[in-house]
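Just below is one structure, and these are the notes that go with it.
The values are calculated or read from the model by the stated rules, or taken from the named source; none is laboratory data. Remember, it's a predicted structure, so these values are computed and weren't measured experimentally. Methodologically, a virtual Cβ is constructed for each residue, glycine included, from the backbone with ideal geometry; neighbour enumeration extends over all protein chains shown.
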Amino acid sequence: MDCLLISGYGFGKTRLGLAECLSSKMDDSAAREDACREYQSSLEDLTFNSKPHINMLTILAEENINFAKDIVEIIEAQISKVFMNIEYFHTDVCCRCM
């Protein structure tokens, strides 16, 4: 929500005072944390190819489109985590075979 306070008058899409603007930003922060926490938890539960689970993640992302950058970061972090586990497993298995 964009807002600007100049000489006591709010300008932007909505006319908000400074206190309302700050309150709105705190609400956005709490909503962002909740959405990210919920998405990350659900993504971590995806341990095999499950179309219903992937569809649910897609819907969850669509419902939280305002936090798209955060959701992309969560997905990227999960992919990195999975690839590190695969590399560790591959290295561990190869070392045992020698």
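Please verify whether residue 57 is at pLDDT below 85 and surrounded by 13 or more Cβ atoms within 10 Å (Cβ to Cβ), treating the condition exactly as stated.
Details: at pLDDT below 85: no; surrounded by 13 or more Cβ atoms within 10 Å (Cβ to Cβ): yes.
For residue 57, the condition - at pLDDT below 85 and surrounded by 13 or more Cβ atoms within 10 Å (Cβ to Cβ) - is not met.
Could you tell me whether any residue of segment 61-68 is at pLDDT 90 or above and acidic (Asp, Glu)? Yes; the residues of segment 61-68 include at least one that is at pLDDT 90 or above and acidic (Asp, Glu). For beta carbons closer than 6 Å, sequence separation of 6+ or different chains, a first residue in segment 58-79 that is under 12 Å from residue 44 (Cα atoms) and a second that is aromatic (Phe, Trp, Tyr) and assigned to a helix (DSSP H, G or I), the qualifying pairs are 74/39.
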